[in-house]
Every structure is written in C-alpha cells, then in structure tokens.
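Novice: The structure's right below; bear with me while I get my questions together.
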Amino acid sequence: MKTSELTGAALDWAVAKCEGLLAFGYEDDMGLLKITLSTGETEYFIPTVKWEQGGPIIEREQMSIEWTGEDWMAYIEHDEESFGPTPLIAAMRCYVASKLGDDIEIPEGLA
C-alpha cells in the first residue's frame, strides 16, 4: 500500500512498526490500534489522533509541519515530505515513509 494513502489503524500500525512496538501483538479495535505491552497490558496507540503519542515523534525526528492552503504538509529536511488532512496524519505518513519507504505491506485486517 502507498504510504501516502495510509489512514486510521493502518497508519497507526505502520508507526508502531517503526517504533518497534509490535513485538507483543496488536489488534484492531473498531478502527483503533491496540498494542500489547511487555507487561501483558494493552493500550491504544493512535499517534494520528493523540498529540501525546505523535508529538514526541515529530519532535524527535525534527519534522516541520505547515499548512499549504489545501492540506497539511510534514517534512524532514532534505529527506521526505508527506501530506494529509491533519498535521498528525501528514507527520505520521512522513515518518513512516522515511523509515519504511513509499510502499509498505499492511496486514490484511488493517488495509
């Protein structure tokens, strides 16, 4: 699937993959990604919606985000740029593209 087209749980899953958070499992809970922690507990991982999850990634990766007049654009200087309807979606697409490329395999249940 094209990284530029990822949304919802599929995009959250791809971000979790980049972050190394899928080792203990995951599930799609009505369109929201739930990951299993090493403790056996589960928590929602939705960096495309929650600034407290997506924000630290944006800061760590030193992304810039700006409004283009039509869409949000996120970019990592001299590397990758992505667009989306919200700043977090644009930024998480940019992050995934920079780590996994422009086309990635998504599990069937999430695609």
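Novice: Looking only at the range 38-66, which residues are in contact with a strand residue (DSSP E or B) (Cβ under 9 Å, 6 or more places away or on another chain), of a type in the set (Phe, Trp, Tyr) and surrounded by fewer than 19 Cβ atoms within 10 Å (Cβ to Cβ)?
Specialist: Tyr44 - this is the single residue of the range 38-66 that is in contact with a strand residue (DSSP E or B) (Cβ under 9 Å, 6 or more places away or on another chain), of a type in the set (Phe, Trp, Tyr) and surrounded by fewer than 19 Cβ atoms within 10 Å (Cβ to Cβ).
Novice: Another question, then. So, of the residues in the range 58-111 that are outside any loop (DSSP other than H, G, I, E, B), without any contact (Cβ under 8 Å) to a residue 24 or more places away in the chain and in contact with a Gly (Cβ under 8 Å, 6 or more places away or on another chain), which turns out to be nearest to Gly25 (Cα to Cα)?
Specialist: Applying the filter and picking the extreme gives Ala74.
Novice: Further, regarding this structure: Quick check on my filter: what residues within the range 67-84 are at pLDDT 95 or above and either in contact with a Ser or Thr (Cβ under 9 Å, 6 or more places away or on another chain) or crowded, with 22+ Cβ neighbours inside 10 Å (or both)?
Specialist: Matches in the range 67-84: Trp72, Met73, Ala74, Tyr75, Ser82, Phe83, Gly84.
Novice: Same structure again: Test Asp102 against the stated conditions and say whether it is surrounded by fewer than 16 Cβ atoms within 10 Å (Cβ to Cβ), in contact with a Pro (Cβ under 9 Å, 6 or more places away or on another chain) and more than 17 Å from Gln53 (Cβ to Cβ).
Specialist: It is false that Asp102 is surrounded by fewer than 16 Cβ atoms within 10 Å (Cβ to Cβ), in contact with a Pro (Cβ under 9 Å, 6 or more places away or on another chain) and more than 17 Å from Gln53 (Cβ to Cβ).
Novice: Scan the range 85-98 for residues that are over 23 Å from Ala23 (Cα atoms) and surrounded by 13 or more Cβ atoms within 10 Å (Cβ to Cβ) and report the count.
Specialist: So the count comes out to 6.
The values are calculated or read from the model by the stated rules, or taken from the named source; none is laboratory data. Please read all numbers here as calculations on a predicted model, not as lab measurements. When we count neighbours, we look across all protein chains shown, and the Cβ atoms used for this are built from the backbone with ideal geometry, even at glycine.
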